[in-house]
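Nothing in this text is a laboratory measurement; each read-out follows from the coordinates by a stated rule. The structure displayed is predicted, hence computed values, not measured ones. Methodologically, a virtual Cβ is constructed for each residue, glycine included, from the backbone with ideal geometry; neighbour enumeration extends over all protein chains shown.
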Amino acid sequence: MPLDTYFPTDIEIDTDTREHGTRGYNTNCRRWGVILAGGDGKRLLPLTCEIANDDRPKQFCAISGGETLLDQTRARVGRIIAPKETLFVLTETQETYYAGQMAGIPAESFAVQPYNRGTAPAILYSLMRIAKKDPKGIVAIFPSDHHIEHDEALAASIDKAFSSARSRPVLLGIVPDAAEPEYGWIEPDLRASRQHGFVFRVSRFWEKPSPSLALALMKRGCLWNSFIMAGRVEGFLNLFRRALPNLVRAFEAIRPALCTAGEKTAVSDLYAQIAPSDFSREVLCVRPNDLDVLLAKDLGWSDLGDPDRVLSVLERKAPQVEISESLTARAAVG
């Protein structure tokens, strides 16, 4: 069934009441933000090497303008969440690339992994840190290496996600404009909606479908998975407890050391023992019915996951962004 049947034409923002705080269903909850900036960015490494002349991950690279993707994400999140309640998940081995960008930010705003163990430990580490400070808080989680053209539309969607998050975390599902086989897809249960047709129960996830399946998913009202999500801290932790109980137990064991002088040693010891794990495959895909999806459109979103998508974004931003011949050539050969 077409998504427009459920999705109102306009997203209204209550600009008089939207602050660094909460309202709606979660009026008494404190808002937190997590910016995931610890990934390796290997798929785009040839292109980022061309831009930066080194092997930095794409979040530390100025791909679509003068600012790095991390700087752009930080500014974007700052429109929604107070800086003192924003946590950056970083990887110590990448400090050369992020040290300058993080100058002036207090150390307690960093959750520094000794090395990258995948998105599941990164997210769980941040949640455990926030839970120790504010167990009743709500949190939004943002990748730092995506492109969003319309920050105000994102702010409106996050505002709705915050106000609608109950026991289940809420993912932002991007209304697709193409049958993209390289994206993850969310299939909403169109029979079960709330928030005036903005929020649906998740039926299932599809990871990188074939081109023909991607077209079928688009026709039946499925959404791109933006990996942007919001929910109660406890709701996210319950999701992890059901999907990756052993990983949760490992982090629970170091909980007393979090936010203390002993945190770095405890986290280093933990990361030496845990295996890499992926939040999409090992949490989302195995617990779809424990999640809701909020329809988000007009964000101008791209995950910048391959050179072709980067070039597409740069071409839309031209002439503001100069596209070099060598960059175009690298994108063409992938």
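Assorted remarks:
- Nearby lysines by direct alpha-carbon distance to Lys136 (threshold 29 angstrom, same-chain neighbours under 8 apart not counted): Lys84, Lys160, Lys264
- Packing order of peptides 155-163, 39-47, 115-123, highest average first: 155-163, 115-123, 39-47 (average count of other Cβ atoms within 10 Å over each peptide's residues).
- Karplus-derived HN-Hα couplings along the stretch 132-138 (A = 6.51, B = -1.76, C = 1.60, θ = phi - 60°), whole Hz, x at Gly and Pro: 5, 7, 8, x, 9, x, 10
- For Lys132, the aspartates and glutamates whose Cα comes closer than 17 Å to its Cα, not counting residues fewer than 8 places off in the same chain, are Glu85, Glu108, Glu234, Glu252, Glu263.
- Label-point separation in nm, Asp269 to Asp54, each point 7 Å along Cα→Cβ: 3.3 nm
- Relative contact order, percent, the stretch 135-235 [alpha-carbon distance under 8 Å, six or more residues apart]: 46 percent
- Fully extending the segment from Asn246 to Leu45, taken as 0.36 nm per residue of separation minus the present Cα-Cα distance, adds 69.1 nm.
- Where labels lie 7 Å past Cα in the beta-carbon direction, separation of Asp134 and Arg166 in nm: 2.3 nm
- Pairwise label distance in nanometres, Asp71 with Asp308, each label 7 Å out on the Cα-Cβ vector: 3.1 nm
- Computed extension length for Tyr115-Arg255: 48.5 nm, one decimal, from 0.36 nm per residue of separation with the Cα-Cα distance subtracted.
- In order through the stretch 151-159: 3J(HN,Hα) via Karplus (6.51 cos²θ - 1.76 cosθ + 1.60), integer Hz, x for Gly, Pro: 5, 5, 5, 5, 4, 5, 5, 5, 4
- Table column - 3J(HN,Hα) (Hz), the stretch 229-241, Karplus curve with 6.51, -1.76, 1.60, x for Gly and Pro: 8, 9, x, 5, 4, 5, x, 5, 5, 5, 4, 5, 4
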